[in-house]
Amino acid sequence: MQRFTVGRFRIVGTLGLVLLAACGGGGGGDVVEDVTVGDVADSPDTGSDPVTTPEVVTDGTITILSLDASAPALSRESGTLDLDTGAVQFGTAAGALSADRLRVTVTDGVVRFDDPASTASNRFDATLGGETRTGVVGLTPSVDRLPGGTATYSGDAVLTATAGTTLFELTGTADVTARFGAATPTVTTEITGLQGTQQSAVGAPVAVANAGSLTLSGAEISGTGFSGGDAALSSPVLSLSGGARLSLEGAFLGVDADEAGGVFVIDDGATQIFGDFLAE
């Protein structure tokens, strides 16, 4: 799932689309639905898989947040999931989930999931029409299921950074705080404990135990999504100038909006950071 471009992010381009359909929610039973971009979602499992009675889903809408690191470019797209037939429609792409729930084959492409057993949301890697994207995908909650006041989510983040001829592949803890009750509802994502590897143009990757932290603040909430904001980096190995620009697309996921995820790009001309986060 990689090329010579850090981790999940292929800086050499492509534009795949993938959907992941995992239905879940707090309270009632869960339905594991793994769908891939522009493909199919799985219908409630009646076999031996550890699945229970599905939540009631009113619209069957899926949100796909994807990153094309070669551009770089972000996109937020929606699709539909038919829980009875397991069919998924994403834009003009449609397909069906494989029996092993690991991938969805669509017209001129395929979508693969990081965690087929996940409910409500998932990371994906997709190739469509010769182009590749990575990101997060999940079931779209109705607006009236969004929590009030302040909601917090905890999970992880995966990112790649390029600074000159040095490449960093890093992971960290992601803590998402959504302030629904504020005059201007916003989301702040704190990514801490960054660690991983760095690699120069020549030589083998070197471990980085403490690469610092990243704060994505001020993303404005609209409907079930959020976008925009500012980035602040505290790191002994990377730096951003005052002119750094953040592009971010995020969404609340799952029947009860009990998960949150997003994709982002930070660029100050000398340093570029590409990443995604997924929290519950």
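Rule-based calculations on the coordinates, nothing more; no lab input. Computed from a predicted structure; not experimentally measured. Cβ atoms come from the backbone with ideal geometry, glycine included; neighbour counts cover every protein chain shown.
Close amide H contacts of Ala211 (hydrogens built in the peptide plane, cut-off under 5 Å, sequence separation of 5 or more or a different chain): Leu194, Gln195. Label-to-label distance, Ala207 versus Ala117, with points set 7 angstrom from Cα along the beta-carbon direction: 2.7 nm. Residue by residue, segment 233-245 carries 3J(HN,Hα) couplings of 10, 10, 8, x, 10, 9, 8, 10, 7, x, x, 4, 10 Hz when phi is fed to the Karplus relation 6.51 cos²θ - 1.76 cosθ + 1.60 (θ = phi - 60°); x denotes Gly or Pro.
Between Val143 and Thr105, what FRET efficiency comes out of the Förster formula 1/(1 + (r/R0)^6) with R0 = 30 Å and r the beta carbon distance, rounded to 0.05?
On the way: r = 33 Å, r/R0 = 1.09.
Calculated value: 0.40.
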